[in-house]
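A quick write-up on the structure given underneath.
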Amino acid sequence: MITFEGVTKRYGDGTVAVDNLSLQVPTGAVTVFVGPSGCGKTTSLRMINRMIDPSEGRILLDDRDVRAIDPPTLRRGIGYVIQQSGLFPHRKIVDNVATVPYLLGWDKKKARARAMELLERVGLDPALAGRYPFQLSGGQQQRVGVARALAADPPVLLMDEPFSAVDPVVRASLQEELLRLQAELQKTIVFVTHDIDEAIKLGDTVAVLRVGGHLAQIADPATLLAEPADDFVAGFLGKDRGIRRLSFIPASKLRLSTGREVPGWSVALDEDDRPIGWRASGDGDGPLRPFGVFDPAQDSLRAALDAALLAPSGCAIAVDPGGRFAGVVTRETLDEALGRASGEALDPARSAAHARPAAGGDPDAGQAAG
Ligand SMILES: Nc1ncnc2c1ncn2[C@@H]1O[C@H](COP(=O)(O)OP(=O)(O)OP(=O)(O)O)[C@@H](O)[C@H]1O
């Protein structure tokens, strides 16, 4: 657990970058700091590994004030990933990844073996190990940056806009990769971004900051979307909050009809029982019409709704993890689920705790938008 206790950072010229910030970063989860440019995200992050020291307040790492730990020792337990990877240009990829193990005095063979293992872990072809950074794409360089930060297996990972410099497609795949890695490794990650969609996708907890270094709200993504603390947070979250919130409601509770027929339509399957389209009832060889599928075991209510909206029948086709037909969700069932989702009050105790900044945060920010 990392705890910010009334942390303020005033730079030499009087700029208050972070103002009385109090929050907790839980162990083994991803906490995202998000907010507009200049709101103090990077300053907050860098105070954790003492690249910057606070002017007031304390930061505790598992109950120890980080200022009581000398910076090199502290940073051995904290991986750091930045935008544009920050790789050493004249070192081969394998040696870039092995940087910290070398510093820790590991022998070269062991350090390189660890680097090769990590390259694979972050989804890179080990054949790239002998190249130099300029011979890699931006997305590949970012993966190397993540591998390097993980090399000494630190419990904490700080990531400062690590995926901002790559195109949206590569960015999405880097985000997926991070989620996959995190499911395996369960590091304590603090991730800085100005992109609210990235924050909602990656964060177990999202801290929204506003310019002046004030905490506007800290909450899990579903609570943030459902109950923004004020107009600033609602505006920052942007449009479609209701729809986006459906991504956090599992589809597993939807009632499935196991037959392939719904009024006017039936699901056509291939010989392996995989859906291939909707066909008008009684139209044996008629044309196949578009369809959408979702997997109740893994997907959200949003995915089920999407599958229904793609179909002429208005019904969603459920499949098992192997893509085989598992049932149909009718419009009525979806309607009921959507009704429950919109009426579903979040647990009051939980949302009260999430909707307001911790003590010492911005006193203006705790009001739920009306
Ligand atoms: N060394 C410094 N001296 C003076 N002011 C600084 C210094 N570093 C940052 N600032 C100011 O502190 C404020 C917060 O900066 P910080 O980099 O933490 O914000 P940020 O939210 O990470 O911004 P961005 O998203 O643009 O990177 C800004 O107003 C910035 O200009």
**Report entry** Span-like helix ranges in the chain, DSSP H, alpha carbon extent 20 angstrom or more, Kyte mean at least 0.0
**Finding:** 168-185
Query raised in the report: With Cβ to Cβ distances under 9 Å as the rule, what net charge do the other residues near Val267 carry (K, R +1; D, E -1)?
Result: +1
**Report entry** Hits among lysines - C-alpha to C-alpha of Lys108 under 16 Å, sequence gap 8 or more where chains match
**Finding:** Lys92
Query raised in the report: Between their Cα atoms, which of Lys41/Lys201; Lys9/Lys41; Lys201/Lys239; Lys187/Lys239 are more than 22 Å away from each other?
Result: Lys187/Lys239
Query raised in the report: Of the listed peptides 203-212, 287-296, what is their order by residue-averaged count of other C-beta atoms within 10 Å, with the highest listed first?
Result: 203-212, 287-296
Requested in this report: Report, largest value first, the span of the C-alpha coordinates of the chain along each principal axis, in whole Å.
Outcome: 76, 55, 30
Requested in this report: Pull up all non-local amide H partners of Gly28: gap of 5 or more, or a different chain, and H-to-H distance under 5 Å with H placed in the peptide plane.
Outcome: Thr188, Ile189
Query - Inter-centroid distance (Cα atoms) of the stretch 221-252 relative to the stretch 59-116, Å - result: 36
Report summary line: Among Leu334, Ser266, Ala318, the residue whose Cα sits farthest towards the positive end of the charge dipole of the stretch 251-343, when +1 is placed on the Cβ of each Lys and Arg and -1 on the Cβ of each Asp and Glu, is Leu334
Query raised in the report: Going by average Cβ neighbours within 10 Å, how do the peptides 152-159, 63-70 rank, with the highest at the top?
Result: 152-159, 63-70
Report summary line: Between Val211 and Leu309, the two model label points (7 Å from Cα along the beta-carbon direction) sit apart by a distance in nm of 3.4
Report summary line: Charge dipole of the stretch 134-260 built from unit charges on the beta carbon (Lys, Arg +1; Asp, Glu -1), centred at mean Cα; most positive-end Cα among Leu209, Ala149, Pro250 is Pro250
**Report entry** Stretchable slack from Asp167 to Arg241, in nm (0.36 nm times residue separation minus alpha-carbon distance)
**Finding:** 24.2 nm
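Bear in mind these aren't lab numbers, they're just calculated from the coordinates by the rules spelled out. Only a predicted model underlies this, so the values are computations on that prediction, with no experimental measurement involved. Virtual Cβ from ideal backbone geometry, glycine too; neighbours counted across all protein chains shown.
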